[in-house]
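Participant: I have a structure here, written as structure tokens, and I will follow up with some questions on it.
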Ligand SMILES: [Zn+2]
């Protein structure tokens, strides 16, 4: 009689949260559902203290999960059209810092950086993609540092009135190191603006690990607002603004429903159908996505004391 074989489930040891040192335990495993670069399951843990969620072991070949079409570079006319469509980001910044020297970390091809330059800011950018860097420097005329290590790159830059990081913070290997560098670089009274997925989102409660903003394995951290606020305070950064219902958050709500449905199909045709169906669903449930602090993303502004 053969013994019942135990299935080869990988048991994740609990381990300390990289953000607060609290005890973190296995939450779920999920594959790369958004881009299907591989079928490797990725394990996420959740901290019992600060409730942050993080990828247990980022792949050593993480670069290959950022496909080249992740950064389709537009002509300057196309860029201007995109920039003219929505001024939410630059308007948010200008409410707290009307002018000065601005750093954007992870601008991709630079829609916001271009808006900031047009608004009169002196603009520096830190970007890892070589093609984007060339475009940002040669076509947009920005001061470019090419680096995949923003905390280190920031140390070599002059002081800033504004540091902005839009949907890149969740990709950072070491959020604490970033906050430390950003806080040290900011002028007194300067602001740090961060937008990122909101793990308190209603969609996350409904969709669980299939929530497109988990985006395994590219998203290394999903940090609740209160954990982020406490973390930033350790570096002398004080929260002055918070929303999960600006136009960016609402577009990420839409993306969540569209991508969730598109990810259920492999055929391009069905994905196009689901793009439309997802848009419809997002309209029907908009009130639930927007209720309280339930948006799929949040924007938070900190001021250096
Ligand atoms: Zn924690």
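The values are calculated or read from the model by the stated rules, or taken from the named source; none is laboratory data. Because the structure is a prediction, the values reported are computed rather than measured. As a convention, Cβ positions derive from the backbone with ideal geometry for all residues, glycine included, and neighbour counts pool all protein chains shown.
Participant: Given the structure, is residue 37 at pLDDT below 95 and away from the ligand (no atom under 14 Å from the Cβ)? Break it down into steps so the answer makes sense when it comes.
Facilitator: Values: at pLDDT below 95: yes; away from the ligand (no atom under 14 Å from the Cβ): yes.
Here the answer is yes, as residue 37 does meet what is asked.
Participant: Step by step: first the residues of region 113-132, then only those that are in contact with a strand residue (DSSP E or B) (Cβ under 6 Å, 6 or more places away or on another chain) and surrounded by fewer than 21 Cβ atoms within 10 Å (Cβ to Cβ), then the one that is nearest to residue 304 (Cα to Cα). Which residue is that?
Facilitator: Going through the qualifying residues, I end up with 122.
Participant: Inside region 44-65, can you point out the residues that are more than 16 Å from the ligand (Cβ to nearest atom), more than 19 Å from residue 260 (Cα to Cα) and surrounded by 14 or more Cβ atoms within 10 Å (Cβ to Cβ)?
Facilitator: Our first condition is that a residue be more than 16 Å from the ligand (Cβ to nearest atom); within region 44-65, this holds for 57-65.
Within this subset, residues satisfying the condition of being more than 19 Å from residue 260 (Cα to Cα) are 57-64.
Matches in region 44-65: 58, 59, 62.
Participant: Taking the options 58, 74, name whichever one is more than 18 Å from residue 134 (Cα to Cα), at pLDDT below 95 and out of contact with any strand residue (DSSP E or B) (no Cβ under 6 Å at 6 or more places or on another chain).
Facilitator: Among 58, 74, only 58 is more than 18 Å from residue 134 (Cα to Cα), at pLDDT below 95 and out of contact with any strand residue (DSSP E or B) (no Cβ under 6 Å at 6 or more places or on another chain).
Participant: Just give me the residues in region 170-214 being assigned to a loop (DSSP other than H, G, I, E, B) and closer than 13 Å to residue 297 by Cα, in sequence order.
Facilitator: Filtering region 170-214 down to residues assigned to a loop (DSSP other than H, G, I, E, B) leaves 172-174, 198-201, 211.
198, 199, 200, 201, 211, listed by residue number.
Participant: Looking at this structure, is residue 11 modelled with pLDDT of 95 or more and away from the ligand (no atom under 16 Å from the Cβ)?
Facilitator: no
Participant: Give the residue that is nearest to the ligand (Cβ to nearest atom), with candidates limited to residues of region 24-34 that are crowded, with 17+ Cβ neighbours inside 10 Å and under 19 Å from the mean Cα position of the chain (by Cα).
Facilitator: Checked region 24-34; the qualifying residue nearest to the ligand (Cβ to nearest atom) is 30.
Participant: Just give me the residues in region 247-288 being farther than 19 Å from residue 167 by Cα, touching a residue at least 40 places away in the same chain (Cβ under 8 Å) and in a helix (DSSP H, G or I), in sequence order.
Facilitator: 288
Participant: Tell me which residues, restricted to region 173-208, are surrounded by fewer than 21 Cβ atoms within 10 Å (Cβ to Cβ) and free of Cβ contacts under 8 Å to residues at least 60 places away in the same chain.
Facilitator: Within region 173-208, 177, 180, 184, 205, 206, 207 meet the criteria.
Participant: Tell me whether region 87-102 contains one or more residues that are within 16 Å of the ligand (Cβ to nearest atom), closer than 26 Å to residue 200 by Cα and outside any loop (DSSP other than H, G, I, E, B).
Facilitator: There is no residue in region 87-102 that is within 16 Å of the ligand (Cβ to nearest atom), closer than 26 Å to residue 200 by Cα and outside any loop (DSSP other than H, G, I, E, B).
Participant: If you don't mind, there's one more thing I want to ask. Taking the condition in a helix (DSSP H, G or I), over 23 Å from residue 272 (Cβ atoms) and either touching a residue at least 60 places away in the same chain (Cβ under 8 Å) or under 14 Å from the mean Cα position of the chain (by Cα) (or both), does residue 228 pass?
Facilitator: Details: in a helix (DSSP H, G or I): yes; over 23 Å from residue 272 (Cβ atoms): yes; either touching a residue at least 60 places away in the same chain (Cβ under 8 Å) or under 14 Å from the mean Cα position of the chain (by Cα) (or both): yes.
Answer is yes for this residue.
Participant: Moving on. Could you tell me which of the residues 237, 222 is closer than 27 Å to residue 304 by Cα, within 16 Å of the ligand (Cβ to nearest atom) and crowded, with 23+ Cβ neighbours inside 10 Å?
Facilitator: On the way: 237 fails: within 16 Å of the ligand (Cβ to nearest atom).
Within the list 237, 222, the selection yields 222.
Participant: Restricting region 133-145 to residues that are in contact with a strand residue (DSSP E or B) (Cβ under 8 Å, 6 or more places away or on another chain) and assigned to a helix (DSSP H, G or I), which is surrounded by the fewest Cβ atoms within 10 Å (Cβ to Cβ)?
Facilitator: Filtering region 133-145 for residues in contact with a strand residue (DSSP E or B) (Cβ under 8 Å, 6 or more places away or on another chain) gives 133, 136-137, 142-145.
Cutting the leftovers down to assigned to a helix (DSSP H, G or I) gives us 133, 136-137.
Working: 133: 20, 136: 26, 137: 17.
Here the residue is 137.
Participant: Quick check: anything in region 200-208 within 16 Å of the ligand (Cβ to nearest atom) and at pLDDT 95 or above?
Facilitator: The answer is yes, given that some residue of region 200-208 is within 16 Å of the ligand (Cβ to nearest atom) and at pLDDT 95 or above.
Participant: Just one of 148, 120 is outside any strand (DSSP E or B) and out of contact with any helix residue (DSSP H, G or I) (no Cβ under 9 Å at 6 or more places or on another chain); which is it?
Facilitator: 120
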